[in-house]
1. Residues of the stretch 51-127: accessible area per residue at 1.4 Å, in Å²?
2. With a 1.4 Å probe and all protein chains in place, put Leu33, Leu40, Leu81 in order of accessible area, largest first.
3. List the residues of the stretch 42-84 whose backbone N lies under 20 Å from a point placed 7 Å from the Cα of Thr126 along the Cα-to-Cβ direction.
4. Let's see if you can work this out: charge +1 on each Lys and Arg Cβ, -1 on each Asp and Glu Cβ, no other charges. What is the dipole magnitude of the stretch 13-127 about its Cα centre, in debye to the nearest 20?
5. Putting +1 on Lys and Arg Cβ atoms and -1 on Asp and Glu Cβ atoms, find which of Gly82, Leu58, Met96 reaches farthest to the positive end of the dipole of the stretch 20-127.
Amino acid sequence: ISKAVTLDTKKNNNQPKGINNMKLFTKEQIEQLLKNGHDLDADHKPVVKLFCGGSTWLFTDIDPHNTDKIFGLCDHGVPELGYASIRELEALNGPMGLRVERDMYFKAEHPLSVYEESATRNGSITA
């Protein structure tokens, strides 16, 4: 699974170290996302926050039957719950070639439903 959740840096060998080889998820986050994927009835706290340009994602679980599918609150101008593809997140090039990054300091304080309610009210994710 590690290949499925790290950025492919082979094409960017001239980039300074750390620019495109940041892992989207830590090992611990992957384990928690998969664990949450086995308990779909729970209102989990987001495990990870990703961002790129004006887009933000708060993810709670990975589908254990299709580890490319990750579920959470996605905001590309309009916040909504849904699935994203990990491979597509890895390949995404935002404005000015920016890549998707993980908010290394994010620690969820509430279950996803609270973030969804707030994002719907405010028009964007404010985590």
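1. Working: 4330 Å² over 77 residues.
With all protein chains present, the stretch 51-127 gives 56 Å² per residue.
2. Working: Leu33 0, Leu40 120, Leu81 75 Å².
Descending order: Leu40, Leu81, Leu33.
3. 46, 49-52, 54-59, 73-81
4. Numbers: 12 positive and 17 negative charges, 112 e Å.
The calculated dipole for the stretch 13-127 is roughly 540 debye.
5. Value computed over the given set: Met96.
The values are calculated or read from the model by the stated rules, or taken from the named source; none is laboratory data. Everything numeric here is computed off the predicted structure, so don't read it as measured data. Glycine also receives a Cβ, built like all others from the backbone with ideal geometry; neighbour counts cover every protein chain displayed. What goes into the accessible areas is simple: the full protein's heavy atoms, side chains included, and nothing from ligands, DNA or RNA. Shrake-Rupley method; radii C 1.70, N 1.55, O 1.52, S 1.80 Å.
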